[in-house]
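The values are calculated or read from the model by the stated rules, or taken from the named source; none is laboratory data. What you see is a predicted model, and the numbers here were worked out from it, not measured in a lab. Ideal geometry is used to build each Cβ from the backbone, glycine not excepted, and the neighbour counts take in all protein chains shown.
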Amino acid sequence: MKSIIKLILNYIPRTILTRISTFVKPIIRLYLKGDKYTDPIDGKSFREFIPYGYNNVRKNALSPSTYSLERHRMLWLYLKNETKIFSNKVKLLHFAPEPAFYEIFKKSNNILYDTIDLNSPLADIKADICNLPLKDDTYDFILCNHVLEHIEDDLKAMSELYRVLKKGGIGIFQIPIDSKRENTYEDRSIKSPKERNRMFGQYDHVRIYGMDYFERLKSVGFSVKKVKYANKLSDKEITKYCLSPTEIIPVCKK
């Protein structure tokens, strides 16, 4: 099973996986029906979640119903419980929109929702994050999760995120981070997918972020909070929702 998952994730483009997921989801949901684990995004429960991971496959990582991962479910709980994104009138920009959130945001009457990406079939706007065709101070809220580790000039991308966010607006920019690493590791001479996978943990990553990631965000103007939302949850909730207790949510304000 692990070898099959690795093969799928490393050789089938994400855009294709997004398209075919609609057709296989009902079959998977029926097969895994149960009550041990619950996806907090839609409230559906299963006897187990799907294993997932490019190199180190994690048990109970991918929800059979929303296809959310641990980070998505943690972010959902934070957005739902700690922000007013679902109650106030919000203009939201969503980079590389995750299917777990897409329909919810799109159907929310209070959210004016724009999606953006170079390749995603869910993106309304096709654009390079380092050169956004958007006006300054446009959005109240920006979600850009697990994108910056793919971008060679991440500081330019961060500057663009800062530019299009309104003053007082909030951005959440999750990335895979090595919390034991003080400084980010990157080497632009590494180009091959195989070598990037070996050095950065995934074939299309260009760095491994260390804890200096938050200073990078501050350097372009953001004020940043490192939110460990698991600290507000019980051990029972963390287990039930299949969350990672070490996830850090970078909450950035302009």
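If you go through the range 129-136 one residue at a time, do you hit one that is out of contact with any helix residue (DSSP H, G or I) (no Cβ under 6 Å at 6 or more places or on another chain) and of a type in the set (Asp, Glu)? No, the range 129-136 contains no residue that is out of contact with any helix residue (DSSP H, G or I) (no Cβ under 6 Å at 6 or more places or on another chain) and of a type in the set (Asp, Glu). Of all residues in the range 3-12, none are outside the structural domain of Pro176 (by TED's automatic domain parsing), modelled with pLDDT of 90 or more, over 23 Å from Phe173 (Cβ atoms) and of a type in the set (Phe, Trp, Tyr). Just wondering, is there one or more residues in the range 213-235 that are over 22 Å from Ser63 (Cβ atoms), in contact (Cβ under 8 Å) with a residue 40 or more places away in the chain, part of a helix (DSSP H, G or I) and over 19 Å from the mean Cα position of the chain (by Cα)? Yes, some residue in the range 213-235 is over 22 Å from Ser63 (Cβ atoms), in contact (Cβ under 8 Å) with a residue 40 or more places away in the chain, part of a helix (DSSP H, G or I) and over 19 Å from the mean Cα position of the chain (by Cα). Within the range 74-113, if we keep just the residues that are closer than 24 Å to Ser244 by Cβ and aliphatic (A, V, I, L, M), the residue that is surrounded by the fewest Cβ atoms within 10 Å (Cβ to Cβ) turns out to be Ile104.
Look at (1) under 22 Å from Ser68 (Cα atoms); (2) at pLDDT 95 or above; (3) not in a strand (DSSP E or B) and you find that Gln202 fails only one, number (2). For the range 150-182, a residue qualifies if it is β-branched (Val, Ile, Thr) and assigned to a strand (DSSP E or B), and the qualifying residues are Ile170, Ile172, Ile177.
Per the listing Lys126, Lys91, the residue uniquely in the same structural domain as Asp204 (by TED's automatic domain parsing), of a type in the set (Lys, Arg) and free of Cβ contacts under 8 Å to residues at least 24 places away in the same chain is Lys126.
What single numbered condition from (1) modelled with pLDDT of 95 or more; (2) assigned by TED's automatic domain parsing to the domain that holds Ile142 fails to hold for Pro40? All conditions pass for Pro40, except number (2). Would you please name the residue that is surrounded by the most Cβ atoms within 10 Å (Cβ to Cβ), looking only at residues in the range 158-177 that are over 16 Å from the mean Cα position of the chain (by Cα) and without any contact (Cβ under 8 Å) to a residue 60 or more places away in the chain? Applying the filter and picking the extreme gives Glu160. Checked against (1) modelled with pLDDT under 95; (2) under 30 Å from Ser45 (Cα atoms), Leu233 meets all criteria but (1). Only one entry in Lys167, Lys228, Lys218 is in contact with a Lys or Arg (Cβ under 8 Å, 6 or more places away or on another chain) and of a type in the set (Lys, Arg), namely Lys167.
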